[in-house]
Amino acid sequence: MIAAAPIRRLSQVVADAIAAGEVIERPASVLKELVENALDADASRIDIVIEGGGLVRIVVADDGTGIAADDLGLAVERHATSKIAVARDIAGVRTLGFRGEALASIAAVSELHLTTRSRGSTGGASLHVRNGEVLSRAAAASGPGTRVEVCELFAASPARLRFLRSVATEGSAAVRVAADLAITHPGVAFTCTNDGRMVLRTAGGTLREALRAVIGTRADRDLLDIHAPGPIAVGGAISSPHAHRASRSGLVLIVNNRLVHNRALLAAVDESYRGLIPGGRHGYGVVTVEVSGEAVDVNVHPAKREVRFSDERAVFSAVQRACWATLRAAPALGADGHVPSGFADVMLEVRDGDLDVLGRPATRLPLQSGSLRAPLVVTAGDTVTTADPSQTLQAMEALGQAGSGFLVATAGDTVVLVDPHAAHEKVLYSDLLERWRRPTPDAAGAQLLLMPVVVECGPDTASRVAAEHDFFSRCGFTIEQFGPGAVRCTAVPMSAADADPEVLVGELLEGLDQRDAGTEERRHRLAALVACHAAVRFGDRLDVAAQQRLLDQLMATPGGTTCPHGRPSVLILDDTVLRRAFRRPPR
Ligand code: ADP
Ligand code: MG
């Protein structure tokens, strides 16, 4: 068990070596510093109270090492810390704090009560500071650990108060910090109440357990574990391609057990979703990175929010590769027998909110032999089953388009709804990849452009175009280097004849630019991109013949039940589901 370490004043030299700056900007920053202190003190449980957005009261109580009574005064002095002694300790520091500033800064702008009992000692001690002035110090009864109560934050600093947002916003920012730290330290049991309401409770267990407690069971179901050990080890769990959000804020980055903001790494995660989820949407979850202490500098930001890597590029590509592998290994929709949350929503709507229907055992669709492999079958249970690949759905018959353009079809006694864009995309995508695998190139699928498209892209990308020449020409493109920093496109795949060639080529070049993507990954992306451009648009009206052609093509496409981005393309409502929805007894 770790005991309380003595607190020392840092020498001026060491203090000057620390990235200085005001760390206490708002209630959330107070909470962060207090919780980090508790974590540094080896706490196994941390209980947090937030009142009035944190401006009225913040309490953080822990069961950690505590502070020796003799050190209590030093704890609230600037540049006094138990965590480092000399400047070189900063490099490779593993504790969250090391500057010895936080308690002093908080005590300077609030009324602070600190009660503590250090491990091994029998009595506790307490300290009362108001706006930087120590009002009292006394022996006190206390359980083991430390309780810090911060009241009336910024009450005497009207300038600060002016920069704050509403009480509700400050409160939820503080809760967010608590939740992020709970995820960052899943082994610690956290509770947090906000104005008396319990908003966070983790039990102290695995990362997934903490995540589930924080983001909810529903969102957790859509997470895929990342497992990429190595000198730059990447772990955590991120949302699978069918679950995405409008904002990036659902993604937490943890580097060496430290919650960080790092644009480059966020971009690395985003890039691994490229082509898998719609533009402007983001994955959520947690990405953890473990590197040796020397490879990361935490002393670059006053609130330690940012870190710098000695080799950022290597970390970037490790993260991207790990996320990419995770997302690609995602089971085809429904293949693991669980309903992705999107579908659960659909089914809930279908059933008019009748949650009761979920969770009943699944039944299967009658299947005949054919070629649509692993069709997605939404059954009356909380499961999506995939049929045996050797069996298939009966031939589909187009009935028309409904809603914002969905194809409605029947297959035996089953109703099938198809997203025409997603379905067409999948058909085209499979066709492109298939073309690429053929032993001899086949240029029949190409459409010459009346006006060749020239794109300035820089020498780097231009040479990459040259390297992928074979892939492009097999897909039906004629793209060649055109001068040192540009490419010229004179033909596109027949299927993409209607797409805007300039936009298409521009995006292809972007796809080629993906840092450190493997060949397979790049080609998958390029094919998905072309397919997306060439496919009928979502709202397009199709005549019945075109609808039927699309359904037939879909039947002939392996894995036709999801689009190349992993979104579902087909929703199969079997008779059992329909009967249940209409409250008809099962057959
Ligand atoms: P730092 O964390 O950078 O050392 P702080 O001002 O946050 O600086 O804290 C000063 C010192 O007070 C810490 O080094 C630690 O010794 C002690 N301390 C603060 N909070 C706690 C706590 N919850 N449990 C044990 N010791 C604490
Ligand atoms: Mg601290």
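I'd like the carbon and sulfur percentage of the solvent accessible area for the stretch 84-206, probe radius 1.4 Å, heavy atoms only, ligands and nucleic acids excluded. Can you show the working numbers first?
Working: 2980 of 5580 Å².
In the stretch 84-206, the share of accessible area belonging to carbon and sulfur is 53 percent.
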If one computes the Cα centroid of the stretch 65-123 and of the stretch 153-217, what distance in Å separates the two points?
-> 22
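Let me make sure I get this right: for the stretch 31-139, a, b and c are the square roots of the gyration tensor eigenvalues over alpha carbons, sorted descending. Under 1.5 in a/c it's rounded, otherwise prolate if a/b > b/c, else oblate. Which is it? Don't jump to the answer; show the numbers that get you there.
Working: a/c = 1.30, a/b = 1.23, b/c = 1.05.
Verdict is rounded for the stretch 31-139.
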Separation of alpha-carbon centers, the stretch 460-528 and the stretch 253-268, rounded to whole Å = 32
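Take each of the peptides 53-60, 3-10, average the number of other beta-carbon atoms within 10 Å over its residues, and list them starting from the highest. If you can, show how the numbers build up before the last one.
On the way: 53-60: 23.0, 3-10: 17.5.
Final packing ranking: 53-60, 3-10.
Provide the per residue accessible area, probe 1.4 Å, for the stretch 184-330, rounded to a whole number of square angstrom. List each step's numbers first, then the result.
Values: 6100 Å² over 147 residues.
Dividing the accessible area of the stretch 184-330 by its residue count gives 41 Å².
Treating only the Cβ atoms of Lys and Arg (+1) and Asp and Glu (-1) as charged, compute the dipole magnitude of the stretch 26-83 about its Cα centre; round to the nearest 20 debye.
Dipole of the stretch 26-83, to the nearest 20 debye: 300 debye.
Of the peptides 423-429, 82-88, how do they stack up when ordered by the mean number of other Cβ atoms within 10 Å, highest first?
Numbers: 423-429: 25.7, 82-88: 16.3.
Highest-to-lowest ranking by the protection proxy: 423-429, 82-88.
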Accessible area of V93 in the full protein assembly, 1.4 Å probe (Å², nearest 10) = 20
Whenever you get a sec, line up I106, I2 from highest to lowest accessible area (probe 1.4 Å, protein heavy atoms).
-> I2, I106
Ignoring ligands, DNA and RNA, what accessible area per residue does the stretch 22-78 give at 1.4 Å, in Å²?
-> 30
How much of H128 can a 1.4 Å solvent probe reach, expressed as accessible area in Å² and rounded to 10?
-> 30
Determine the gain in length on full extension of the stretch R305-F582; use 0.36 nm per residue of separation and subtract their C-alpha separation, reporting nm with one decimal.
-> 94.3 nm
Going by the alpha-carbon gyration tensor, a ≥ b ≥ c the square roots of its eigenvalues, is the stretch 207-246 rounded (a/c under 1.5) or, if a/c is not under 1.5, prolate (a/b greater than b/c) versus oblate?
-> oblate
Descending packing, highest mean Cβ count within 10 Å first, for 468-477, 316-325 is 316-325, 468-477
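Once you order the gyration tensor axes a ≥ b ≥ c over the Cα atoms, which shape class does the stretch 150-246 get: rounded for a/c under 1.5, otherwise prolate or oblate by comparing a/b with b/c? Intermediate results must be reported in sequence, preceding the final value.
Working: a/c = 2.12, a/b = 2.06, b/c = 1.03.
Verdict is prolate for the stretch 150-246.
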Which length gain, in nm to one decimal place, applies between S292 and R208 when the Cα-Cα distance is subtracted from 0.36 nm times their residue separation?
-> 27.9 nm
Might you work out the accessible area of E502 for me, using a 1.4 Å probe with all protein chains in place, and round it to the nearest 10 Å²?
-> 110
Could you rank E312, E294 by how accessible they are, 1.4 Å probe, largest area first?
-> E294, E312
Name the residues of the stretch 246-289 whose amide N is less than 11 Å from a point 7 angstrom out from the Cα of R313 along the C-beta direction?
-> none
Between D500 and N257, what is the FRET efficiency for a Förster distance of 60 Å, r being their Cβ-Cβ separation, to the nearest 0.05?
-> 0.80
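The values are calculated or read from the model by the stated rules, or taken from the named source; none is laboratory data. A quick note: this is a predicted structure, and the numbers were derived from the prediction, not measured. We place every Cβ from the backbone using ideal geometry, glycine too, and count neighbours over all the protein chains shown. Heads up: the accessible areas ignore ligands, DNA and RNA and are worked out on the full protein's heavy atoms, side chains in. Shrake-Rupley method; radii C 1.70, N 1.55, O 1.52, S 1.80 Å.
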